[in-house]
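Everything on this sheet refers to the single structure shown next.
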Amino acid sequence: MAIEQALESSEGQHWWYHPLHIGTNDEQNKLLPNATEYYGADEKEKSAAKIASASEFSIELTSVFVDKSYDDERRMFLRERGKTNDLLVVTTYQTGTSPPVQRVHYFKEGQEIGVVLRDLFKSLVCSFSDFKDSHVILQPQVYDIDKYDDIKEGLAKIFSVAQNVVVAFPVFAPYVAMGKTIGESLTTLLENMDEHDMIMDSNLKLRISDERTGANLLQTGHWIYFDEPQKPGLRLSPNLDLLNEDGTRFRKCSYVLYSIRKQQAQEPNWEVDQKVAKLLSELNGKGASGRAPIDFLRETIEGYSNYKKLKRFVELKDKKTRDVLSDDEQSLMDRLKSDLAGVSGVSGFIKD
């Protein structure tokens, strides 16, 4: 489908897409109502945009814009600058049948409306060095938090340190040294967000699939969710500002903007923390695989155990090339080789 045809096919919707490369003219910068094919100037660019099994990529929340204030209950949906929200911005993501994981990006009491927020606590949503699933689901959740005085102090302590692992992954809250009450403050808030004023809450499923099958394809680019349906004509500038057809900045409704790039996150220990967050979510009963949490834990520990065995085997094998192993060391090496014989992907390491 040509870009022009894609634009003509939409009468108004919430989710819009733009390829990663942003051109210099108005036609090249228009938002697209879907991503059912891979986009690029030529076949090489289209291939580069495609995300498939084993791909390395990351998803980032680039900006948030809120134009509604719920702080004045008598004047709901007020759109005047100067009004505020006690604003919480979260993304919940899920890959395949793995459990959903929440990422807190921003929290501020009395956040003024009508401001494009880019300086977030944590902009990164998720990152993969070797993607193994068939799809990713993104759920932006932007809320005005009400009646939280009993947990306000705990939240302030959590968000006062941007590098706090609980800011990165709230599921860690009950397990870190910050006090049970403080940890439970954030957990309670996130588990009961539907009790607060919703500004934006939606989801987007991106699949690894063939082109033109109706699925939005997992590829590099930018996705924008608007809390009100939009018609064709909006554009994205090279600095990721949303523009109306006449080139003025878009301010008609609230939106979030995500960017997908073929690069892994540079945050230290990110991938390990991400896997631990998935494990904790599964143990909390939030998995979608249909398996008992204990089975998920058993499989995780088994993988770690095999890794430790392989590491020890390689150490002994390396020592054997330089020295004579003791009887106990040789016996251990033989046992490790036997244990690892049926483990996928390690045969090359345990050859004599």
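The values are calculated or read from the model by the stated rules, or taken from the named source; none is laboratory data. Worth saying up front: this structure is predicted, and the values here are computed from it rather than measured. Every residue, glycine among them, receives a Cβ derived from its backbone with ideal geometry; neighbour counts consider all protein chains shown.
The table that follows gives values for the structure above.
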quantity: Close pairs (8 angstrom Cβ cut-off, 6 or more residues apart or separate chains): charged (D, E, K, R) in segment 238-250, surrounded by fewer than 16 Cβ atoms within 10 Å (Cβ to Cβ) and in a loop (DSSP other than H, G, I, E, B) anywhere; calculated: 245/233; 249/241
quantity: Qualifying residue in segment 286-296 (condition: in a helix (DSSP H, G or I), modelled with pLDDT of 90 or more and among the aliphatic types (A, V, I, L, M)); calculated: no
